[in-house]
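The values are calculated or read from the model by the stated rules, or taken from the named source; none is laboratory data. Since the structure is predicted, the reported quantities are computational estimates derived from the model, not experimental observations. Here the Cβ positions follow ideal geometry from the backbone for every residue, glycine too, while neighbour counts run over all protein chains shown. Remember, those area values only see protein heavy atoms, side chains included, never the ligands or the DNA or RNA. Shrake-Rupley method; radii C 1.70, N 1.55, O 1.52, S 1.80 Å.
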Amino acid sequence: MHFSSFTFNLLLITAAPFANAWPTAILQAAGNDPNLLARAEEAAKLLANRQAGAGAATALFEPVPIFNAKAQYINVTKGSGHEYVAPGPNDLRGPCPGLNAFANHNFLPHSGYASVAQYIDATQRVVGMGPILATFLSALGGALDGDLVSWSIGGKPSLAQGGITGILGNGLTGSHNKYEADASPTRPDLYQAGNDYKTVTAQFQELINYSPGGQVTMESLTSFRSHRFETQKATNSYFFNGPFTGVAVQPAAYTFIYRFMANHSAENPAGLLSYEVLQSWFGVEGTNGKYNAVQGSERIPENWYKRAVEYPYETTYFAADLLNAASLHPEFLEIGGNTGTAGSFTSVDIGNLTGGVFNVGTLLQGNNLACFVFQLAAQAKPDIALGALGALTGAINNVIGGLSCPQLKAIDQKQLQKFPGYTRMPVYG
Ligand SMILES: *[C@@H]1O[C@H](CO)[C@@H](O)[C@H](O)[C@H]1NC(C)=O
Ligand SMILES: *[C@@H]1O[C@H](CO)[C@@H](O)[C@H](O)[C@H]1NC(C)=O
Ligand SMILES: *[C@@H]1O[C@H](CO)[C@@H](O)[C@H](O)[C@H]1NC(C)=O
């Protein structure tokens, strides 16, 4: 009885996929536990009213504290086979600190060139990404940056690394506006700095400054993101907040920091992200006020526990984090850019961009944002025309299958022509 009324309320209050995101065992427990039920409904209401903080999704997606040391421990000690080994001169490393760390610890090949299957495995095993999100993000890398089967976490692989099809892909570093975005937390904007992958010590320090009290939280990361967004608008005449990169990749670069790098324990089952743990993951030496980023030295901390196995970070959870951030800072959803000078940010109309399939007034309602974001991913041009879109369709349908999405057929890339940060290397059309 409780079970069905709970599910019904949750469906009414939030969007359907949030209810689906609950592990079955938890849903059943909720059915028998009035306290849990009340807490979950409260969390769902806060989320639906969009009045909760940036981390509000935690209460909904991790309703009961769970910590299992044995299952969550990631062993990177000497002799584990996953001890840290610094990258050599030919190893590929790039803009994503997590992927760099996986390669440094041999959870991905040390070369930094890996297969889609290896990405799917490592992201789930090491940090607890949900299988649907892991498959989507891994397949996307293969389709956009590689040869469908494999891709590089850095730039173009060598012939020995990638083979004759692999060398045609530009890797994650080479996927600006496709799978790599402006206004990253610690990496600079490509057309402003000339690179998009080197950790900027000053930006790392800013992230810390935005996170007082010794810990980095969803709230602090979201405030920091707003600051980075405004700073890049104000200083980078090439700033471009692209359809997929701005709306999905940029927020992932922030939310993944807390959701995937925090350390878990019985006292902090949802995760606590200290400055020291963050430093390790980002390869930053020194202490607060005297940091020094060492390129390519991203490292999984010793004695570190990943998120609860029962609570994988799945597409639904990510979509809820996106919604919360966008409700606090609606400008995050503005697709557009500076028009040739710093501080000239102009946005395009989402209706014009999508042929009327989506519009800004309803983007935060129901499943629209999730439908929009995941379908946009397939609009970018792959590095190699190998029927990549076909390969991606499966992964995308997996994500949006149950959401009754309006079908996005194409985007009108003419709308983006006024942005020099786009036209320098157009990726749509
Ligand atoms: C971690 O790996 C090392 C080396 O294989 C092993 O001696 C140790 O028992 C492992 N630790 C745990 C907690 O499993
Ligand atoms: C993670 O938390 C546990 C429990 O508080 C602690 O013993 C461990 O040292 C922490 N790990 C890191 C890397 O901070
Ligand atoms: C966008 O759509 C509106 C309404 O449909 C139309 O009036 C306007 O001309 C369009 N703008 C562009 C740039 O296509």
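Take Gly343 and tell me if it is surrounded by 24 or more Cβ atoms within 10 Å (Cβ to Cβ) and either of a type outside the set (Asp, Glu) or under 23 Å from the mean Cα position of the chain (by Cα) (or both).
The answer is no for Gly343.
Kindly list, by first and then second residue, each pair from a residue in segment 56-79 that is polar (S, T, N, Q) to a residue that is crowded, with 16+ Cβ neighbours inside 10 Å, limited to pairs with Cβ atoms under 6 Å and residues at least 6 apart or on different chains.
Correct list of pairs: Thr58/Ala270; Gln72/His264; Gln72/Tyr305; Gln72/Lys306.
Would you pick out the residues in segment 136-156 that are at pLDDT 95 or above, open to solvent by 10 Å² or more (accessible area, probe 1.4 Å) and in a loop (DSSP other than H, G, I, E, B)?
Selection gives Gly155, Lys156.
Which condition does Thr165 not pass, out of (1) touching an Asp or Glu at 6+ places or on another chain (Cβ under 7 Å); (2) touching a residue at least 40 places away in the same chain (Cβ under 8 Å); (3) assigned to a loop (DSSP other than H, G, I, E, B), if it passes all the others?
Against the list (1) touching an Asp or Glu at 6+ places or on another chain (Cβ under 7 Å); (2) touching a residue at least 40 places away in the same chain (Cβ under 8 Å); (3) assigned to a loop (DSSP other than H, G, I, E, B), Thr165 comes up short only on (3).
Inside segment 61-75, can you point out the residues that are in contact with a Pro (Cβ under 8 Å, 6 or more places away or on another chain) and near ligand 2 (Cβ under 10 Å from one of its atoms)?
Across segment 61-75, the qualifying residue is only Phe67.
Mind checking which pairs have a first residue in segment 406-421 that is more than 16 Å from ligand 1 (Cβ to nearest atom) and a second that is of a type in the set (A, V, I, L, M), Cβ under 6 Å, 6 or more apart or different chains?
Between residues of segment 406-421 that are more than 16 Å from ligand 1 (Cβ to nearest atom) and residues that are of a type in the set (A, V, I, L, M), the close pairs are Pro406/Val357; Leu408/Val357; Ile411/Leu353; Asp412/Leu353; Gln415/Val348; Gln415/Leu353.
Among the residues in segment 268-279, are any open to solvent by less than 10 Å² (accessible area, probe 1.4 Å) and assigned by the TED database to the domain that holds Leu322?
yes
Somewhere in segment 219-238, is a residue outside any helix (DSSP H, G or I) and under 20 Å from the mean Cα position of the chain (by Cα)?
no
Residues to consider are Tyr317, Tyr313; find the one that is buried (at least 21 other Cβ atoms within 10 Å of the Cβ), closer than 30 Å to Val399 by Cα, at pLDDT 95 or above and not charged (D, E, K, R).
Tyr313
Take Pro89 and decide whether it is free of Cβ contacts under 8 Å to residues at least 12 places away in the same chain, away from ligand 2 (no atom under 16 Å from the Cβ), in a loop (DSSP other than H, G, I, E, B) and in the same structural domain as Phe260 (by the TED database). Break it down stepwise before answering.
Numbers: free of Cβ contacts under 8 Å to residues at least 12 places away in the same chain: yes; away from ligand 2 (no atom under 16 Å from the Cβ): yes; in a loop (DSSP other than H, G, I, E, B): yes; in the same structural domain as Phe260 (by the TED database): yes.
So Pro89 fits the description; yes.
Confirm whether Ile300 is surrounded by 22 or more Cβ atoms within 10 Å (Cβ to Cβ), under 26 Å from Lys198 (Cβ atoms) and not hydroxyl-bearing (Ser, Thr, Tyr).
Working: surrounded by 22 or more Cβ atoms within 10 Å (Cβ to Cβ): yes; under 26 Å from Lys198 (Cβ atoms): yes; not hydroxyl-bearing (Ser, Thr, Tyr): yes.
Against the criterion (surrounded by 22 or more Cβ atoms within 10 Å (Cβ to Cβ), under 26 Å from Lys198 (Cβ atoms) and not hydroxyl-bearing (Ser, Thr, Tyr)), Ile300 qualifies.
Which number in (1) over 28 Å from Pro312 (Cβ atoms); (2) in contact (Cβ under 8 Å) with a residue 60 or more places away in the chain; (3) open to solvent by 10 Å² or more (accessible area, probe 1.4 Å) marks the one condition that Asn177 misses?
Checking Asn177 against (1) over 28 Å from Pro312 (Cβ atoms); (2) in contact (Cβ under 8 Å) with a residue 60 or more places away in the chain; (3) open to solvent by 10 Å² or more (accessible area, probe 1.4 Å), the one that fails is (3).
I'd like to know if segment 90-97 contains one or more residues that are modelled with pLDDT of 55 or more, open to solvent by less than 70 Å² (accessible area, probe 1.4 Å) and in contact with a Lys or Arg (Cβ under 7 Å, 6 or more places away or on another chain).
Checked against the condition, which is being modelled with pLDDT of 55 or more, open to solvent by less than 70 Å² (accessible area, probe 1.4 Å) and in contact with a Lys or Arg (Cβ under 7 Å, 6 or more places away or on another chain), segment 90-97 yields at least one hit.
Look at Ser223 and say whether it is open to solvent by 40 Å² or more (accessible area, probe 1.4 Å) and either out of contact with any Ser or Thr (no Cβ under 6 Å at 6 or more places or on another chain) or small (Gly, Ala, Ser) (or both).
Against the criterion (open to solvent by 40 Å² or more (accessible area, probe 1.4 Å) and either out of contact with any Ser or Thr (no Cβ under 6 Å at 6 or more places or on another chain) or small (Gly, Ala, Ser) (or both)), Ser223 qualifies.
Out of Leu323, Leu353, which single residue is surrounded by 19 or more Cβ atoms within 10 Å (Cβ to Cβ), in the same structural domain as Ala248 (by the TED database) and away from ligand 3 (no atom under 16 Å from the Cβ)?
Only one candidate passes the filter, namely Leu323.
It is to be established whether one or more residues within segment 80-87 are more than 16 Å from ligand 1 (Cβ to nearest atom) and within 28 Å of Tyr258 (Cβ to Cβ).
yes
If a residue has to be in contact with a His (Cβ under 9 Å, 6 or more places away or on another chain), in a loop (DSSP other than H, G, I, E, B) and within 23 Å of Asn104 (Cα to Cα) to count, how many in segment 299-324 make the cut?
So the count comes out to 4.
Could we say that Ser80 is part of a loop (DSSP other than H, G, I, E, B), within 25 Å of Lys178 (Cα to Cα) and open to solvent by 20 Å² or more (accessible area, probe 1.4 Å) here?
Values: part of a loop (DSSP other than H, G, I, E, B): yes; within 25 Å of Lys178 (Cα to Cα): no; open to solvent by 20 Å² or more (accessible area, probe 1.4 Å): yes.
No, not satisfied.
Considering only helices (runs of 4 or more DSSP H) fully contained in segment 354-423, which possess at least 3 residues that are under 20 Å from the mean Cα position of the chain (by Cα)?
368-376, 388-400
Output yes when any residue across segment 95-117 is under 14 Å from the mean Cα position of the chain (by Cα), closer than 19 Å to Arg299 by Cβ and either part of a loop (DSSP other than H, G, I, E, B) or within 16 Å of ligand 3 (Cβ to nearest atom) (or both), and no when none is.
yes
Within segment 288-302, which residues are over 30 Å from Ile132 (Cβ atoms) and within 16 Å of ligand 1 (Cβ to nearest atom)?
The one that is over 30 Å from Ile132 (Cβ atoms) and within 16 Å of ligand 1 (Cβ to nearest atom): Glu302.
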